[in-house]
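Written out below as structure tokens is the structure these notes cover.
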Amino acid sequence: MHFRCIVVDKTQVDHDKFFQNDRQFGFWVFYWHCLKQWMGNSNTYYVSVDFKPESMHSGPRRLRQVLENECVKRCWLKSLDCVDSRENLFCQVADLLIGAVGYEQNAIRGSEIKRAMCEYIARSYGRANLAGGDQPGQVRFNIFKIWS
């Protein structure tokens, strides 16, 4: 299994300047940055995003349009579906991995169980830890850091 997440330092994001003061628009732009780095090689993609009621009016539709334009002649976007993460095993695994990355990226040290889970995940992917960021080409487990 390959996993990629994006880490954004919210204190460095200027929503007024880059996203017309629209935090949801900013969220979807960062989502696009995370996905576009890996899409290519004539692969077919099925993308599932967690249902977010506050952004359903246009976020996923815009994301799909932008990804389809990005994919022309590089790959195929077969579907982009909004799912309830409580009912989708892949989203649940992604939530667990994102939680572990967030725990280490924010240097939280409150729970030995969470600390052990972070170490287990890092070891399973041949990593020293889940802190820091990776080059875009890093495969299997990629932590993509981006700032505005």
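The values are calculated or read from the model by the stated rules, or taken from the named source; none is laboratory data. Here the structure is a predicted model, which is why all the values come from computation and not from measurement. Cβ sites come from the backbone with ideal geometry, for glycine too, and all protein chains shown count toward neighbours. Remember, those area values only see protein heavy atoms, side chains included, never the ligands or the DNA or RNA. Shrake-Rupley method; radii C 1.70, N 1.55, O 1.52, S 1.80 Å.
Condition check: free of Cβ contacts under 8 Å to residues at least 24 places away in the same chain, surrounded by fewer than 12 Cβ atoms within 10 Å (Cβ to Cβ), of a type outside the set (A, V, I, L, M, F, W, C) and out of contact with any strand residue (DSSP E or B) (no Cβ under 8 Å at 6 or more places or on another chain). Does GLY99 satisfy that? So that I can check it myself, show each step before the final result.
Details: free of Cβ contacts under 8 Å to residues at least 24 places away in the same chain: yes; surrounded by fewer than 12 Cβ atoms within 10 Å (Cβ to Cβ): no; of a type outside the set (A, V, I, L, M, F, W, C): yes; out of contact with any strand residue (DSSP E or B) (no Cβ under 8 Å at 6 or more places or on another chain): yes.
No, not satisfied.
Close Cβ contacts (under 7 Å, 6 or more residues apart or on different chains) running from residues in the stretch 76-90 that are of a type in the set (A, V, I, L, M) to residues that are assigned to a loop (DSSP other than H, G, I, E, B) comprise VAL83/PHE51.
Within the stretch 138-148, if we keep just the residues that are of a type outside the set (Phe, Trp, Tyr) and at negative phi, the residue that is surrounded by the fewest Cβ atoms within 10 Å (Cβ to Cβ) turns out to be VAL139. How many of the residues making up the stretch 104-137 are surrounded by fewer than 10 Cβ atoms within 10 Å (Cβ to Cβ) and either farther than 25 Å from TRP38 by Cα or of a type in the set (Phe, Trp, Tyr) (or both)? Total meeting the criteria: 4.
Might you let me know whether the stretch 47-57 holds any residue that is assigned to a loop (DSSP other than H, G, I, E, B), open to solvent by 80 Å² or more (accessible area, probe 1.4 Å) and in contact with a Gly (Cβ under 9 Å, 6 or more places away or on another chain)? Within the stretch 47-57, not a single residue is assigned to a loop (DSSP other than H, G, I, E, B), open to solvent by 80 Å² or more (accessible area, probe 1.4 Å) and in contact with a Gly (Cβ under 9 Å, 6 or more places away or on another chain). Does LYS73 satisfy the condition of being surrounded by fewer than 17 Cβ atoms within 10 Å (Cβ to Cβ), closer than 23 Å to PHE141 by Cβ and not acidic (Asp, Glu)? Spelling it out, it is not the case that LYS73 is surrounded by fewer than 17 Cβ atoms within 10 Å (Cβ to Cβ), closer than 23 Å to PHE141 by Cβ and not acidic (Asp, Glu).
Number of residues in the stretch 59-89 that are part of a helix (DSSP H, G or I) and of a type in the set (Lys, Arg): the value is 4.
Got at least one residue in the stretch 1-24 being assigned to a helix (DSSP H, G or I), free of Cβ contacts under 8 Å to residues at least 12 places away in the same chain, farther than 24 Å from VAL139 by Cβ and open to solvent by less than 50 Å² (accessible area, probe 1.4 Å)? Yes, because at least one residue in the stretch 1-24 is assigned to a helix (DSSP H, G or I), free of Cβ contacts under 8 Å to residues at least 12 places away in the same chain, farther than 24 Å from VAL139 by Cβ and open to solvent by less than 50 Å² (accessible area, probe 1.4 Å).
Being touching a helix residue (DSSP H, G or I) at 6+ places or on another chain (Cβ under 8 Å) and open to solvent by less than 100 Å² (accessible area, probe 1.4 Å): is that true of SER42 here? Considered against the rule, which asks whether it is touching a helix residue (DSSP H, G or I) at 6+ places or on another chain (Cβ under 8 Å) and open to solvent by less than 100 Å² (accessible area, probe 1.4 Å), SER42 comes out as no.
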